[in-house]
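Please read the structure below before turning to the comments.
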Amino acid sequence: VSYLEDWAERRDERREQRLRQLGTRTPRCSRPGCNETDPFALTGVDPEIVCYECQSEQRGRSIIEAHHLAGRHNDPATTVDLLGNDHRALNDLQCDWPRHVLRNPDGSPLLHAAAAVRGWLDVLALVLERAVGWVPEFLEWLDDALRTAIGPRWWDDLSWEY
Amino acid sequence: MLLPDPVEMDVAVRAWAVPDDAPKPPYANTAQAGYKDLGPSPWTLTFDTETTLDPGQALRIGGYQLRHGGRRREEGLFYDPDVLTTDEIATVRDYAAVQGLKLRTRDQFADDVFLKTAWDRRGLVIGHNLPFDLARLSIANAPCQSRDKSMRGGFSLTLSRDVHRSHVQIKKTNAGAAFIRLTIPSGINPEHRNRQRGGKVRNHHGYFLDTATLGGAMLGGRPSLKRLAELLTTDARKSAAEHGEEINERYLDYLRQDVQVTWECWDALRQRYDAYRLPVPSWRIHSEASIGKAHLTKMQLTPFRALNRWPDHVLATVMETYYGGRAECLIRRVPVPGVYVDFTSQYPTVFALQGLQRFLTAERVEWAAEDPAKVQQLLDTITVDDALDPALWPRLDALVLVAPDGDRLPTRGRYARAQTRRSDRKPNRAYNVGVPYRTGGAPQWYTLADCIASKLMTGNAPTIVAVGRFTAHGRQPEITPIDMGGQAAYRVDPNTEDFIRRLVEQRDDVRAEHKKAKTAGDAPGAATLDAMQQGMKCTANGTAYGSPIELNPIEHRKPAWVTVHQPDGGSYRVSVTRTEQPGRWFHPLISTLVAGAGRLLLATAMRLVSELGGSYAFCDTDSLFIVATGTGGVVSCPGGAHQTQDGADAIKALSWTQVDEVVERFRALNPYAGPMADRSILKIEDENYNPNTGQQREIECYAIAAKRYGLFIRDLNGRPDLVQSGDKRKRSEHGLGHLLPPNAPSPDISDREWLDDWWQHLLRVELGYPSEEPAWFDAPAVGRMTVTSPRDVATFRAYNATRRYAAQVKPWGFLSLAHPAPHERARGVRCLIAPFERDPQRRAAMAWVDRDNSGTSQIRTSRTPDFIDGTTAVLSYRDYFEHYRQHPESKALDPTDTAACHPWTRGLLVPWSVRANDQRRVGKESNRLSDTQLPTEEPDEQVIEYPAATRRCRGCASLVPGRRRWCSERCRKRASRVRSTHRL
């Protein structure tokens, strides 16, 4: 199993746990204007679900938070600034790291390096998922809808050059 | 007619018994009312197991597919390293490596795949005959001890060696289904956390789907995986392999194919079920009735008990009137010609005729006493013409208290032993429902329909003491129209039309399509449509009759106290080990009115026949065999009132034209619209017609007892030949259902063709024609037993004691079972078991184990009581045959001596005349015999009895329950004070 497959699988499991905690399979931040649907970035229980950024705003806190990329135990000094919702998602991913890598009780430099790489991989995967992760499914859905509405070779009917 | 002298008999009526710890209605778990279930995640685990061939059926190897949203994420094999040999493990390892499969041990599979998917990922677990496969995975089992009692009587299976992980609980619900769930391990889980934060997510107990159960509910019966794949026309089909064979590449291919077929069956079933658009998820469907109940939920109906708080004595009254269908044999062991007729969808029809949907949709149903004189007047004046008037049927919503005086009323009693000397009585405590003449005894509650039926049968109106009538008030406001089966063409608005009636009409349309497909030569399409219409038939019956009387038995480890209510307002307390919990749609009024009206329909047909001077050979709930010939005349029958030309006793046979007239009279009662509207609800069955010419032919009936009959025609030499309709021969298999096919190894144990030979031989022997005995006649009669309750497992205690868990008989294992001959039983051999084997030749050669003392032997049959070392004589098919052909009709009397029907009794039987001695209250007539398939054993377990208190209080002499000596503490103290005073 590749790292990304393993990552997706672990993330699926944790997503299921989060959905159960939230009490719905289609969670969405209940604040008007906020379209956050990532269960890792949401808190509360259905129907009073709110995302962390909205919650921070409500409580007068900053929505920007400092994220320990390699974990607080490996590198307490190095942080990157992230939006609150993304920070929650990344923190959740860190829970899936091997415990000895996340904690690194002996301060092993190799485990520190592993943690840093894992941190970056998590960031990249998250960026990919949040930025373009929705696109394939959307394209597949759109193709299906066009086949139903227009026909199996809808691009011919629309005079598209394909 | 001169009645036989009444026999005193204890009669039994159904009880309304409320356990002390019964949940308050609405009995849906009130603690979790309003809680929601999020359903399974997109993960699914499909798996199948292959086992050893010993009685333990231990896991050898299994295959699985792990999918996410339908996409295969992982495929693999798992095995038990303690069972497979080193070579076999090497073969499996090589195969897995070549095919790119994951290979795990049983322990790894249980922890890392099964429990991870079922519990951690909240995925759906899919299998065909899933309880069997789950039990193969187990490493220990025990009776369920959950606090909420719903799973009591089931098994708790341990799958993981980690004590903090879930167990799997399984409890049998009906012949084809089981409730399966996970226990909740200690610690906090996401659902728990949700509720801590104020949410309402229901506890998750796992999601399990048995394709055999869902397939059976949607397509009828309990299809095998092969049959299901054929019906659903899946891409992958089940391949053939010999179970227990050497593990090689071919066998492993077969295993993987089974998993793939199971998955494809589930996928096809899911798509079909989704098309129904029902509010109940598919993994909650346990039977056809579940689909019917889901339709009720979709209509947004509120269950009866959630809206109505009837006093317990009213429910006790309703339950007292409840009886099942009427089945009896009137002409025994004499062949008579006739016409076989049956009522179209009898229970749904009487449901529609009486307009019982009003009781389902009402805001409240009220009970009020009515002047008995009114009902008495109705009974005094009613005629058969009135019974054929649809206007009468909606007025049958009354229960009446009858003082029996020569009336023919349904009576539940132990007919088989009523006239037997006490010393000769067998320990058979089974109750049968007959329709004898009732004389004297305490008044008893009946449905008005039963009283009218009695009037039609005897000509005398029963004496009515009291009447209670039920009225539906208002209409539930939320009821919404639904599309039946998800099809807009079958839209039903329960506010304006009858849901059950529409379901029957829909089934008729499907049957018409089935006939078209069959004529067009589309065999797979015809098979699917046939299965669909069977499923719809069961759904209609289940909704109109089954669900309203759903009482789920709950086993208790320790006796539990129940309060048994009586119609007069009294009650008594008694402790029992088995109680009953009403189902969600429990509405006993509907069931008793439906069953009562069904009996009235049958009695009306009997009356029309007797008015023409005719008779019938047997009746069975909705069918009747009317004695008739093409032109009428008399037919020889001992005990008949007429005589043949040579002076023998005879009965009158109607002509076919007269039978047609009887059939036509029921046209007036047709409640249906559309293509069904112009038919009579009583129809002449296809068996009466020559399949080649379509002309009516003379068929004959030979009945031995209720539900034991065969219909036949004569060949040119006069020899009997069972009639055939489609590909089925018309003969009953009641009492033989547990026996395995004795002839050549049958690929399908549900193949019952050997019973055709059985009946063919029986008919020829009984009618005096030479008949060659079937080749298997002296073969050991072997049955199949499935271990479905801890009580069943307990019977294998001696066998299991000396074996490790894998080799022990486990839950849901199935075995071959043979019963020792009487002389072997006399020396202590009670029951022999062996691995399940389809091939009769191999069965005889196997080592059979005495269930109670673990000794092994081979089985043989013998006509003489002899003993041979190393073998045990068991009952043969011949023994069963001899017993079967002489089985007395316990619910009738011999006409010559008016004693209970003898094995040798022939001719026209006489109904019993009964005087009720005592009235006992009993629970569900669940015949545990069919559960355990151990005839002659555990006879006491067939029915729950609620014996009334017989001990009196030492203080006030009032009846006290159980083994108590005092009715109350106050009474004990008062008596104690009195004694002290005397001493002073």
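Assorted remarks:
- Cross-link reach is defined here as a Cα-Cα straight distance under 27 Å, omitting same-chain residues fewer than 8 places apart; for B:Lys116 the lysines meeting it are B:Lys36, B:Lys102, B:Lys149, B:Lys171, B:Lys172, B:Lys200, B:Lys810.
- Beta-bridge orientation, segment B:22-161: approximately 75 percent antiparallel, per DSSP, counting only bridges with both partners inside.
- Summary: within chain B, the longest segment free of chymotrypsin sites (Phe, Trp or Tyr not before Pro) located in DSSP loops with at most 14 other C-beta atoms within 10 Å is B:1-866.
- GluC sites (Glu not before Pro) lying in DSSP loop within segment B:749-821, provided at most 15 other Cβ fall within 10 Å: B:Glu753, B:Glu772
- Summed side-chain charge close to A:Tyr52 - residues other than A:Tyr52 whose Cβ falls under 12 Å, Lys, Arg +1, Asp, Glu -1: -3
- The contact between chain B and chain A removes approximately 1600 Å² from the accessible area (both sides summed; 1.4 Å probe; ligands, DNA and RNA excluded).
- A dipole drawn for segment B:782-893 from +1 and -1 charges on Cβ atoms has a positive end, and of B:Val874, B:Ala818, B:Ser862 the residue lying farthest that way is B:Ala818.
- Antiparallel content of DSSP bridges confined to the protein assembly as shown, in %, to 5: 85 percent
- Rg(Cα)/(2.2 N^0.38 Å) for the protein assembly as shown, N = residue count: 1.05
- Checking every one of the GluC sites (Glu not before Pro) in segment A:99-162 against DSSP loop status and a limit of 12 other Cβ atoms within 10 Å picks out A:Glu161.
- A:Trp154-B:Arg842 FRET efficiency (beta carbon distance; Förster radius 51 Å; 0.05 resolution): 0.25
- Nearest-20 debye value, segment B:85-154 charge dipole, Cβ charges on Lys, Arg, Asp, Glu: 420 debye
- For B:Val280, net neighbour charge (Lys/Arg +1, Asp/Glu -1) across residues whose Cβ lies under 10 Å away: +3
- Listed residue (A:His67, A:Ala125, A:Gly107) projecting farthest to the positive dipole end of chain A, Cβ model: A:Gly107
- Cα centroids of segment A:111-162 and segment B:540-581: 58 Å apart.
- Segment A:83-99 and segment B:649-722: distance between their alpha carbon centers, rounded to Å: 76 Å
- Rolling a 1.4 Å probe across all protein chains gives B:Leu908 an accessible area of roughly 40 Å².
- Using Cβ point charges alone (K and R +1, D and E -1), the dipole size of chain B about the Cα centre works out to roughly 4840 debye.
- Of all complete DSSP H helices in chain B, those with a Cα span along the helix axis of 24 Å or greater and a mean Kyte-Doolittle hydropathy of -0.5 or more are B:523-541, B:588-611.
- Against the main long axis of the alpha-carbon atoms of chain A, helix A:84-94 sits at an angle near 70°.
- Mean projected area of the convex hull spanned by the Cα atoms of segment B:508-648, taken over all viewing directions: 16.7 nm².
- Net lengthening on full extension, A:Arg59/A:Glu129 (0.36 nm per residue, minus Cα-Cα): 22.3 nm
- Only DSSP H runs of four or more residues enter the estimate; each adds -39500 (n - 2.57), and after division by the residues of chain B the mean residue ellipticity at 222 nm equals -8500 deg cm²/dmol.
- Over every Cα atom in segment B:660-724, the radius of gyration and the widest Cα-Cα span, Dmax, amount to 15.3, 46 Å.
- Chain B: C-alpha gyration tensor shape, a/c 1.5 cut-off, then a/b vs b/c: rounded
- Two-site FRET efficiency, B:Arg277 against B:Arg202, from Cβ-Cβ distance with R₀ of 35 Å, rounded to 0.05: 0.95
- Projecting the Cα atoms of B:Cys144, B:Thr211, B:Ala177 onto the charge dipole of segment B:131-222, computed from C-beta unit charges around the Cα centre, puts B:Cys144 farthest toward the positive end.
- One Cα centroid belongs to segment B:759-808, the other to segment B:183-219; the line between them spans 39 Å.
- In a fully extended conformation the segment linking B:Thr480 and B:Ala826 would gain 118.1 nm over its present Cα-Cα distance, using 0.36 nm per residue.
- Rounded if a/c under 1.5, otherwise prolate or oblate - segment A:3-71, Cα gyration tensor axes: oblate
- Put a plus charge on the Cβ of each Lys and Arg, a minus charge on the Cβ of each Asp and Glu, and nothing anywhere else: the dipole of segment B:14-161 about its Cα centre is then about 720 debye.
- Cα shape, segment B:256-358, gyration tensor, a/c 1.5 rule: oblate
- The residues neighbouring B:Val765, those whose beta-carbon lies less than 13 Å from its own, together hold a net charge of 0 under the Lys/Arg +1, Asp/Glu -1 convention.
- Helix-only [θ]222 nm of chain A, DSSP H runs n ≥ 4, -39500 (n - 2.57) each, per residue, nearest 500: -16500 deg cm²/dmol
- With every protein chain in place, the protein assembly as shown: carbon and sulfur % of accessible area (1.4 Å): 50 percent
- Across the alpha-carbon set of segment B:453-582, the Rg to Rh ratio works out to 1.13, Rh being the Kirkwood radius.
- In the context of the full set of protein chains, residues of the protein assembly as shown present 44 Å² of accessible surface per residue (probe radius 1.4 Å, heavy atoms only).
- For B:Lys455, a cut-off of 26 angstrom between C-alpha atoms picks up these lysines, skipping any fewer than 8 places away in its own chain: B:Lys374, B:Lys652, B:Lys683, B:Lys707, B:Lys891.
The values are calculated or read from the model by the stated rules, or taken from the named source; none is laboratory data. Note that the structure is predicted; figures quoted are calculated from it, not measured. With ideal geometry, Cβ positions are generated from the backbone for all residues, glycine too; neighbour counts draw on all protein chains shown. Heavy atoms of the whole protein, side chains included, go into the accessibility calculation; ligands, DNA and RNA do not. Shrake-Rupley method; radii C 1.70, N 1.55, O 1.52, S 1.80 Å.
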